[in-house]
Amino acid sequence: MRRLAALFLCALLAGCGGAKHKLGKLDSGAVVLAFGDSLTYGTGANQNESYPAVLGRAIGRKVVNAGIPGETSAQGRERLADVLEEVKPRLLILCHGGNDFLRRLDDAAAAENVRAMIRMARDKGVDVVLLATPKPGLPPSIPTFYGEIAAEQRIPFEEAVIRTVLFDNRLKSDMVHPNGEGYARIAAAVEKVLKKAGAI
């Protein structure tokens, strides 16, 4: 009876996300590429308070901040190949789509751009973690395509943290950007994903 209960619990956990997609272990010299828009760049806080800067200190690895404020997912798609070639990362943390939503661009196009960026990285042997960006609103909402892409591409995924930060005025510098404490929350959530996935 106990064995049946244990098997049921394992199945339940797997169905609820207990079994997560794994990443390769990051050695001490591995480079991580944080790629995205102003949320990656760290708009609204000091440079050393951006989530890539905080994450790098937390995990003891070099995290390159390749965020460009105002960039759309289509522009990111155009830029990524050159950045991958220059940085040669072991891991890509992809956070894109926010400017598409602010400009009311097509969700399907944003989804395809995100897919293309993931494929671009994986074709070069680079692991990927996906961060979801919420659509503006009361409350902010997460487009379903992020979860769908993470599932189909079998990559680790952080869905909640940016939405949670942008829903809390104490963690924001303006309507769409975190402050230093907000970016620290994002970095902590990403670190948790990396640990759970076996990267660190």
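Tell me, what is a quarter of the convex hull surface for the C-alpha atoms of the chain, in nm² with one decimal?
If you wrap the Cα atoms of the chain in a convex hull and average its projections, you get 12.0 nm².
So if each residue of separation counts as 0.36 nm, and I subtract the Cα-Cα distance between residue 152 and residue 173, what length gain in nm does that give?
That works out to 4.1 nm of additional length.
Taking 0.36 nm per residue of separation and subtracting the Cα-Cα distance, what length does fully extending residue 195 through residue 58 add?
This chain segment gains 48.2 nm when fully extended.
Ranked highest first by the average count of other Cβ atoms within 10 Å around their residues, in what order do 95-102, 32-39 fall?
32-39, 95-102
Among bridges DSSP assigns within the stretch 22-196, what percent are antiparallel (round to 5)?
Among the beta bridges of the stretch 22-196, antiparallel pairing accounts for roughly 10 percent.
Work out from phi, with θ = phi - 60° and the Karplus expression 6.51 cos²θ - 1.76 cosθ + 1.60, the ³J(HN,Hα) of each residue of the stretch 29-35, listed in order in whole Hz, and give x for Gly and Pro.
Each residue's phi maps through the Karplus curve to give x, 5, 9, 10, 10, 9, 10 Hz.
Give me the count of lysine pairs in the stretch 22-196 whose alpha carbons sit under 20 angstrom apart, restricted to pairs 8 or more positions apart or on different chains.
17
On a 0 to 90 degree scale, rounded to 10, what angle separates helix 144-153 from the longest Cα axis of the chain?
Helix 144-153 sits at roughly 60 degrees to that axis.
Could you list 138, 105, 55, 23 so that the one with the fewest beta carbons within 10 Å of its beta carbon is first and the one with the most is last?
With the sparsest Cβ surroundings first, the list reads 138, 105, 23, 55.
What distance in nm separates the two pseudo spin-label positions at residue 103 and residue 27, each 7 Å out from Cα along the beta-carbon direction?
My value for the distance between the label points is 4.1 nm.
What trypsin sites (Lys or Arg not before Pro) does the stretch 147-176 have in DSSP loop regions with at most 12 other beta carbons within 10 Å?
154
Output wanted: per-residue J couplings in Hz (rounded whole) for the stretch 90-102, from phi through Karplus 6.51 cos²θ - 1.76 cosθ + 1.60, θ = phi - 60°, x for Gly and Pro.
8, 9, 10, 9, 9, 9, 9, x, x, 6, 4, 5, 5
Going by alpha carbons, how many degrees (0 to 90, nearest 10) lie between the helix axis of 73-87 and the longest principal axis of the chain?
Between helix and principal axis, roughly 80 degrees.
Quick one: work out Rg over Rh on the C-alpha atoms of the stretch 15-129, Rh as Kirkwood radius.
Dividing the radius of gyration by the Kirkwood radius yields 0.97.
Using Cα-Cα distances under 8 Å and only pairs 6 or more residues apart, what relative contact order does the chain have, in percent?
Reported relative contact order: 26 percent.
Summing Lys, Arg as +1 and Asp, Glu as -1, what charge do residues with Cβ under 13 Å from the Cβ of residue 68 carry, residue 68 excluded?
-2
What does the charge count near residue 25 come to, summing +1 for each Lys or Arg and -1 for each Asp or Glu among other residues with Cβ under 12 Å from its Cβ?
Taking every other residue near residue 25 into account, the sum is +2.
Please state, rounded to one decimal and in Å, the Kirkwood hydrodynamic radius that the stretch 85-200 gives when every pair of distinct Cα atoms enters the mean of 1/r.
Every distinct Cα pair counted, the radius reaches 14.8 Å.
Quick note: the coordinates plus some simple rules give every number you see, no bench work behind them. Computed from a predicted model, the values in this text were never measured in an experiment. Don't worry about glycine lacking a Cβ; one is built from the backbone with ideal geometry, like all the others, and counts go over all protein chains shown.
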